[in-house]
Amino acid sequence: MKSEALTDLVVEALDDVKAKDIVRLDVRNMTTVTDYMVVASGTSNRHVKALVDNVAEKAKAAGHRPIGIEGAEGGEWVLLDLHDTLVHVMLPKVREFYNLEKLWSISPLGDAAATDG
């Protein structure tokens, strides 16, 4: 599965469980760690966990085993590593504080890069 298709699957899985404010960031020109980052919000710690569980389940069914899941115990910010796509699911207050969308939309020269949301 190509990274674009995997990212589409992630966005659909998040949408299935009513994630809020889903943003897809194309970071291929900024890092070799991953191709895409998907950032979404959950309404509670339980909702964040349910969102990540749904993404992991759908990814496994499509043949993509998660490399790792971090932060599931607390549920404020959970990172799901699918290699070509990193999935960040957070509570709104945590998302606002870290503002990953802004961080990853700035190019090394300081210009805003295009995002695909």
Which numbered condition Val23 misses (of (1) over 11 Å from the mean Cα position of the chain (by Cα); (2) at pLDDT below 95) = (1)
ask   = Counting only residues that are touching a residue at least 60 places away in the same chain (Cβ under 8 Å) and small (Gly, Ala, Ser), which one in segment 51-86 is surrounded by the most Cβ atoms within 10 Å (Cβ to Cβ)?
value = Ala62
query = Which condition breaks for Thr31 when tested against (1) out of contact with any Phe, Trp or Tyr (no Cβ under 6 Å at 6 or more places or on another chain); (2) in contact (Cβ under 8 Å) with a residue 40 or more places away in the chain; (3) hydroxyl-bearing (Ser, Thr, Tyr)?
reply = (2)
ask   = How about segment 1-75: which strands (runs of 3 or more DSSP E) wholly inside it have at least 2 residues that are touching a Leu at 6+ places or on another chain (Cβ under 6 Å)?
value = 36-41, 68-70
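The values are calculated or read from the model by the stated rules, or taken from the named source; none is laboratory data. Here the structure is a predicted model, which means the values were calculated and not measured. Note that each Cβ is placed from the backbone with ideal geometry, even for glycine, and that neighbours are counted across all protein chains shown.
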